[in-house]
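The values are calculated or read from the model by the stated rules, or taken from the named source; none is laboratory data. If you're wondering where the values come from, they're calculated on a predicted model, not measured in any experiment. Positions of Cβ are backbone-derived with ideal geometry, glycine not excepted, and every protein chain shown enters the neighbour counts.
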Amino acid sequence: MTSWKSDRIGTAERGENPTVLARMRTGWAVIGDTQHLPAYCLLLHAGTASHLTDLPRAERAAFLFDLALLGEAVTTVAGRDPQFARVNYEVLGNSWPHLHGHVHARYGWESAELLHGPVWRYGEERDVPEAALGPRHERLQQDLTDALDEVMADAYAID
């Protein structure tokens, strides 16, 4: 495992995490390590919270607002695929006990068996070499960064 993967938050703060899209108010928006469903992103909370309820209510609301903004950017980019269906959001923490939210774009080209359930049902398909984040995703990462910059400029200017 590369060093940035063992300290995702610290490397983001130091500018060493290659998955970073943008610093949001409550954390770091990043592109997912797997792109089996294109435009998969996460919001990594910048603090030490493990659970959403570890945060005061106002900070919880701010984190969820940032997660929704990230989803808006994902919708913009994934929506360029004519089979884009929707965005799903999850706040889990079972595997990594640090507050983070997942933003999954879903597509009509997915098999019906998998489209109508959580993305975790994909299993090993998520880890195939073709899905691993790499140089072929640079355009996607830049498109997500650009869309997120626009969304944040608009949203943060009005609140």
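One table, with the values for the structure above:
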| quantity | calculated |
| --- | --- |
| Close pairs from the stretch 71-89: first more than 16 Å from Arg139 (Cα to Cα) and at pLDDT 95 or above, partner surrounded by fewer than 15 Cβ atoms within 10 Å (Cβ to Cβ) and of a type outside the set (Lys, Arg), Cβ under 6 Å, at least 6 apart | Gln83/Gly108; Gln83/Trp109; Ala85/Gly108 |
| Qualifying position, being surrounded by fewer than 19 Cβ atoms within 10 Å (Cβ to Cβ) and either more than 21 Å from Leu21 (Cα to Cα) or at pLDDT 95 or above (or both), among His100, His51, His45, His104 | His51 |
| Qualifying residue in the stretch 113-129 (condition: of a type outside the set (Asp, Glu), assigned to a strand (DSSP E or B) and either exposed (fewer than 12 other Cβ atoms within 10 Å of the Cβ) or in contact with a Lys or Arg (Cβ under 6 Å, 6 or more places away or on another chain) (or both)) | no |
| Flag if Leu115 is touching a Gly at 6+ places or on another chain (Cβ under 8 Å) and free of Cβ contacts under 8 Å to residues at least 40 places away in the same chain | yes |
| Conditions (1) without any contact (Cβ under 8 Å) to a residue 40 or more places away in the chain; (2) farther than 30 Å from Ala49 by Cβ: number failed by Val128 | (1) |
| Whichever residue in the stretch 80-97 is loosely packed, with under 15 Cβ neighbours inside 10 Å and within 16 Å of Thr48 (Cβ to Cβ) and, among such residues, is farthest from the chain's Cα centre (by Cα) | Pro97 |
